[in-house]
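The values are calculated or read from the model by the stated rules, or taken from the named source; none is laboratory data. Just so it is clear, the structure is predicted and the values come from calculations on it, not from any experiment. Note that each Cβ is placed from the backbone with ideal geometry, even for glycine, and that neighbours are counted across all protein chains shown.
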Amino acid sequence: MDRVKYKFDQVKLKNIAKFLEKDHTVKVGVLGISEKGEYKGIDAVTLAMTHEFGSKKRKIPERSFLRLTIDKKLGQYKSDLAANKEKNNEKIATGRGMQFLHEIGGKWERWVKETFAEEGPGWAPLKKRTIAFRKNKGKRAAGNIVAEKFPILQDSSALKRSITHEVT
């Protein structure tokens, strides 16, 4: 009976063990208060929560950009992981596990920002008084050349700029 010989790469095994020893987390969203996310004196976290969940008190409708992105992209994310399983495992085995996790974070960060560009879908339209206010102030999204187009959640781009990822 022929015996199959396996050659174990000790370095790869150590890299895998080292990676698995830690409880890694990838976080995506507004992860803290930063100047780049401040809007009219409101910090990025408060701004994000107000729009993500809405505010009855302030009469601001819910415009979820995080949960909506998860709903839209989770299936694609799982398919991508399954399709690239060997490549991803090789990254971990060759000591590039943290790079792999940053790639995941970067992908989700891009997807959340795409949700802003797509304006939902399903977000409540801007109120007429908001549009009138923006017209009077000449407020359009940065780089927007269409005078009558006032993108939702993008008049200053502060919230969108505050979306980031972190790997621990």
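Cβ-Cβ distances below 7 Å connect the following pairs, each with a first residue in the stretch 100-117 that is β-branched (Val, Ile, Thr), a second residue that is assigned to a helix (DSSP H, G or I), and a separation of six or more residues or different chains: Val112/Leu66; Val112/Thr69; Thr115/Leu68; Thr115/Thr69.
Among the residues of the stretch 135-150, the ones that are surrounded by 17 or more Cβ atoms within 10 Å (Cβ to Cβ) and at pLDDT 70 or above come to 1 in all.
Hey, among the residues in the stretch 40-53 that are more than 20 Å from Arg110 (Cα to Cα) and surrounded by fewer than 16 Cβ atoms within 10 Å (Cβ to Cβ), which one's modelled with the lowest pLDDT?
If we filter the stretch 40-53 for residues that are more than 20 Å from Arg110 (Cα to Cα), which is where we start, we get 40-43, 46, 50, 53.
Add one more test, that the residue is surrounded by fewer than 16 Cβ atoms within 10 Å (Cβ to Cβ), and what stays is 40-42, 46, 53.
Working: Lys40: 62, Gly41: 65, Ile42: 75, Thr46: 87, Phe53: 95.
Checking each candidate, the answer is Lys40.
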